[in-house]
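A quick write-up on the structure given underneath.
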């Protein structure tokens, strides 16, 4: 996380090992997922260049809320379909939230990412041990309803699918 090391230090001291790890598994035809807690948007391009198949990311961890960046929206803009995004429903909501707030958070993620790239709805980090089971239920309900293919893409599906299916 660039909350702990600078982007330059990531590039010099971590990225070469990430690339080596990814290449090792890619040679065995296995995809590699990474999750890095904290602020990661300054190294999104670096993570993609390492060759990760999927990238899971946390919420932005800025001390000053005025500096907050929507990491999911930023990732989608940088990735442009080159890698699968995983995330990033606020995991802290699982401890104390309302049904409406959970649905709003799931909607934010799906509406930000699902139309633009391969996307897996998940949490920003692991859910806390004291999570409210009802909040988990609300998350799953919202995912089932808001993540419906027809809701995201409409009855004709995504443009590439609709174009491929139409007669020439």
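The values are calculated or read from the model by the stated rules, or taken from the named source; none is laboratory data. What you see is a predicted model, and the numbers here were worked out from it, not measured in a lab. All Cβ positions, even for glycine, are placed from backbone atoms using ideal geometry, and neighbour counts span all protein chains on display.
Here are some notes:
Residue by residue, here is whether (1) surrounded by 15 or more Cβ atoms within 10 Å (Cβ to Cβ); (2) more than 22 Å from residue 137 (Cα to Cα); (3) touching a strand residue (DSSP E or B) at 6+ places or on another chain (Cβ under 7 Å) holds:
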site: 59; (1), (2), (3): yes, no, yes
site: 63; (1), (2), (3): no, yes, no
site: 79; (1), (2), (3): yes, yes, yes
site: 111; (1), (2), (3): no, no, no
site: 122; (1), (2), (3): yes, no, yes
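- Yes/no for residue 91 being surrounded by 13 or more Cβ atoms within 10 Å (Cβ to Cβ), over 11 Å from the mean Cα position of the chain (by Cα) and over 30 Å from residue 46 (Cα atoms): no
- Residue 156 falls short on exactly one of the conditions (1) in a helix (DSSP H, G or I); (2) at pLDDT below 95, and that condition is (1).
- Residue selected from the range 27-58 under the condition touching a residue at least 40 places away in the same chain (Cβ under 8 Å) and assigned to a loop (DSSP other than H, G, I, E, B), by the criterion farthest from the chain's Cα centre (by Cα): 37
- Test: residue 53 is modelled with pLDDT of 95 or more, crowded, with 21+ Cβ neighbours inside 10 Å, in contact with a strand residue (DSSP E or B) (Cβ under 8 Å, 6 or more places away or on another chain) and under 30 Å from residue 11 (Cβ atoms): no
- Qualifying residue in the range 126-143 (condition: buried (at least 16 other Cβ atoms within 10 Å of the Cβ), in contact with a strand residue (DSSP E or B) (Cβ under 6 Å, 6 or more places away or on another chain), modelled with pLDDT of 95 or more and over 21 Å from residue 37 (Cα atoms)): yes
- Applying the criterion of being in contact with a strand residue (DSSP E or B) (Cβ under 9 Å, 6 or more places away or on another chain) and surrounded by fewer than 14 Cβ atoms within 10 Å (Cβ to Cβ) to the residues of the range 21-34, the residue that is farthest from residue 84 (Cα to Cα) is 31.
- Top-ranked residue in the range 94-109 [being farther than 20 Å from residue 150 by Cα and without any contact (Cβ under 8 Å) to a residue 12 or more places away in the chain; ranked as surrounded by the most Cβ atoms within 10 Å (Cβ to Cβ)]: 101
Yes or no, residue by residue, for (1) part of a strand (DSSP E or B); (2) modelled with pLDDT of 90 or more:
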| site | (1), (2) |
| --- | --- |
| 14 | no, yes |
| 25 | no, yes |
| 60 | no, no |
| 69 | no, no |
| 77 | no, yes |
| 87 | yes, yes |
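- Residues that are more than 19 Å from the chain's Cα centre (by Cα) and either surrounded by fewer than 15 Cβ atoms within 10 Å (Cβ to Cβ) or without any contact (Cβ under 8 Å) to a residue 12 or more places away in the chain (or both) within the range 1-20 comprise 4, 5, 6, 8, 9, 11, 12, 13, 14, 16, 17, 20, listed in sequence order.
- Residue 122 farther than 24 Å from residue 73 by Cβ and at pLDDT 95 or above: no
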